[in-house]
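Below is one structure; the comments refer to it alone.
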Amino acid sequence: MNDRSLPGNLLDRLKAIVGERGIVTDAQERAPYENDWRDQWHGRAAAVVKPASTEEVARVVQLLAAERIAMVPQGGNTSLCGGSVPDTSGTQVVINLSRMNRVRQVDPDNNTMTVEAGCVLANLQQVADQHERLFPLSLGAEGSCEIGGNLSTNAGGTGVLRYGNTRELVLGLEVVLPDGRVWDGLRGLRKDNTGYDLKHLFVGAEGTLGIITAAVLKLFPKPRSHATAFVAIDDPHAAVALLSKLRETCGDRVTGYELIARICVDLVLRHIPGSQDPLPQAHPWYVLVELSDSSVGDALGRLFEEALGEAAEAGLVRDAAIAASEAQRGAFWKMRENITEAQKLDGVSVKHDVSVPVSRVPDLIARANAALAARFPDIRVVAFGHVGDGNIHYNCSKPERREAQQFFSEATAEVNHIVYEVVNGLGGSISAEHGLGVLKREEIKLYKSALELDLMRSIKRTLDPHGLMNPGKVL
């Protein structure tokens, strides 16, 4: 019963817009669009529609809005919070933008490119590189996530320290509104002081206010040299102190700064074939540090060595390996990027994507560890992430797989509450870069003021009065 949730001849009318290859109704073929990457949320859609142009998106939305049918915008479906899958009613239509994958324009002199929402992030990085430019957004799912989803969740990644979140990387948007009208805001301007900056309503809105169909993205000069090191440290306090030291010495050349607990390295070595320990001896904590510069030659490497030497003399560094080749640099980054996959292979965990002021990262880890250990003495914490911008992925489980599943089922709510209370007490956020989706929709009510929530609901009602755009997410 593939399409019985759609009234009348609606399926035929949708096919008339997007063609036979633009619609999916078979239950087995729908499955990849109905289930999330973490295998935590499982929905059922009335149909999956795959438009190939903004015009087709607009016509699909107009048709579904007229019938009061809820829509779920979707890109690469790599959400970690259930934000890109339908509910279980079988009445919602997924609008997947993967066919909209054209780069419309590259303007090297303006350092911009105009791209469609279905472009895979890694492909955009390659296009920028071909034009001797850099698009700096980089994250673990970049081989499958799509830029529309990155914009909708205001994705972060490993380059935030120098280049900012996705919000800072966009100059203009094209958006199909919940009634099917198209807002063309594709302006490549760095100065435009003509009223409300509407694009920021849609960046980070998780598809609840409209469907982003295209964007003007910022490009940067292509780095000509890199210096990368895997650095052993005593604890998160040393990580923060070392970051301050490196920024004093190297300035904005510090591009990536990732905190990694030893348990993360052990998980990668256990589950990811071909992985190697970056240092000859085990240490309790590490930071992966990368500097980049537009200059050529080995000046950056010498600067990095001097800075690390000074930090070692100050007692901030236990050991360090500086990448001597591009292959070694890649291996260091794979160690960091494979943590999430390794933890998934090891078993289910209670995941947290939280942020605090950079100076409070050590307090976050220490206080949350202590509070959780008091309640769950044998809990295992896997902490890693973008300490340079205060965003830590703080994941909790039990060491044994069978115990981990039971722990996840029975203790998730309590673990979340403990961690979120610590985060809130430090002036932090319970969602740093993954969004709210379904996962944190209820918790956010405890940590945002009534006024903030009321303002958000007012914006939602103004743009989507019938509540048709990704209902049940964020609010």
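The values are calculated or read from the model by the stated rules, or taken from the named source; none is laboratory data. It should be emphasised that the depicted structure is a prediction, and the values quoted were computed from it without experimental measurement. So basically every Cβ, Gly included, is an ideal-geometry build from the backbone, and we count neighbours across all protein chains shown.
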- Note on the structure: Here the residues within the stretch 115-148 that are surrounded by fewer than 20 Cβ atoms within 10 Å (Cβ to Cβ) and within 18 Å of ILE211 (Cα to Cα) are VAL120
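Identify, please: which residue in the stretch 336-366 is in a helix (DSSP H, G or I) and acidic (Asp, Glu) and is, among those, farthest from ILE263 (Cα to Cα)?
Pass one, the stretch 336-366, residues in a helix (DSSP H, G or I): 336-337, 339-346, 358-366.
Keeping just the survivors that are acidic (Asp, Glu) gives 337, 341, 346, 363.
On the way: GLU337: 14, GLU341: 14, ASP346: 12, ASP363: 19 Å.
Applying the filter and picking the extreme gives ASP363.
Considering only the stretch 318-332, I want to know if a residue exists there that is closer than 22 Å to THR249 by Cα, among the charged types (D, E, K, R), in contact (Cβ under 8 Å) with a residue 40 or more places away in the chain and buried (at least 18 other Cβ atoms within 10 Å of the Cβ).
Yes, the stretch 318-332 contains at least one residue that is closer than 22 Å to THR249 by Cα, among the charged types (D, E, K, R), in contact (Cβ under 8 Å) with a residue 40 or more places away in the chain and buried (at least 18 other Cβ atoms within 10 Å of the Cβ).
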- Checked against (1) buried (at least 22 other Cβ atoms within 10 Å of the Cβ); (2) modelled with pLDDT of 95 or more; (3) closer than 18 Å to HIS434 by Cβ, ARG167 satisfies every condition except (1)
- Selection status of VAL317, part of a loop (DSSP other than H, G, I, E, B) and either modelled with pLDDT under 95 or of a type in the set (Val, Ile, Thr) (or both): yes
- Which numbered condition PRO73 misses (of (1) assigned to a strand (DSSP E or B); (2) more than 21 Å from VAL203 (Cα to Cα)): (2)
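Sort through GLU433, GLU421 and tell me the only one that's within 30 Å of SER244 (Cα to Cα), charged (D, E, K, R), at pLDDT 95 or above and not assigned by TED's automatic domain parsing to the domain that holds LEU243.
Working: GLU433 fails: at pLDDT 95 or above.
Just a single option satisfies the conditions, and that option is GLU421.
Identify the residue in the stretch 367-382 that is part of a helix (DSSP H, G or I) and within 29 Å of the chain's Cα centre (by Cα) and, among all such residues, is surrounded by the fewest Cβ atoms within 10 Å (Cβ to Cβ). Give the steps one after another, and end with the answer.
Initial filter on the stretch 367-382 (part of a helix (DSSP H, G or I)): 367-375.
Among the residues that remain, those that are also within 29 Å of the chain's Cα centre (by Cα) are: 367-373.
Details: ARG367: 18, ALA368: 25, ASN369: 16, ALA370: 10, ALA371: 16, LEU372: 22, ALA373: 12.
Checked the stretch 367-382; the qualifying residue surrounded by the fewest Cβ atoms within 10 Å (Cβ to Cβ) is ALA370.
Tell me the helices (runs of 4 or more DSSP H) entirely within the stretch 191-310 that contain at least 1 residues that are in contact with a Lys or Arg (Cβ under 8 Å, 6 or more places away or on another chain) and free of Cβ contacts under 8 Å to residues at least 40 places away in the same chain. Walk me through how you get there before you give the answer.
Working: elements: 199-202, 236-250, 262-271.
Qualifying helices (runs of 4 or more DSSP H): 199-202.
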